[in-house]
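A quick write-up on the structure given underneath.
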Amino acid sequence: MNKQRNFHCCASCIHYHIEKIDGRTIYMCARLGYETKPTYKFNCWTPKENVKKLIAKYEKS
């Protein structure tokens, strides 16, 4: 079973950023350069360090 898919989403990617503009919260992908949602999934996903550690932990179990 691929444990990564349990963690794979924009919010766990190094390129995911949150911006506040005119009182509105915008979720952005800095790599792709457009708005996204935390739960979206793209093939370009690069997990954050803490997510990499969680994946490694779950792969051992």
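Among the residues of this structure, residue 27 counts as one that is surrounded by 12 or more Cβ atoms within 10 Å (Cβ to Cβ) and aromatic (Phe, Trp, Tyr).
Tallying residues that are over 10 Å from residue 7 (Cα atoms), assigned to a helix (DSSP H, G or I) and touching a helix residue (DSSP H, G or I) at 6+ places or on another chain (Cβ under 9 Å) within the stretch 36-55 yields 1. Restricting attention to the stretch 1-24, which residues are open to solvent by 50 Å² or more (accessible area, probe 1.4 Å) and part of a loop (DSSP other than H, G, I, E, B)? Hits for the stretch 1-24 are 1, 2, 14, 22, 23.
Taken over the stretch 25-35, the criterion of being in a strand (DSSP E or B) and among the aliphatic types (A, V, I, L, M) is satisfied by 26, 28.
The values are calculated or read from the model by the stated rules, or taken from the named source; none is laboratory data. Please read these numbers as outputs of a predicted model, since none were measured by experiment. Counting neighbours? That spans all protein chains shown, and the Cβs are built from the backbone with ideal geometry, glycine included. Remember, those area values only see protein heavy atoms, side chains included, never the ligands or the DNA or RNA. Shrake-Rupley method; radii C 1.70, N 1.55, O 1.52, S 1.80 Å.
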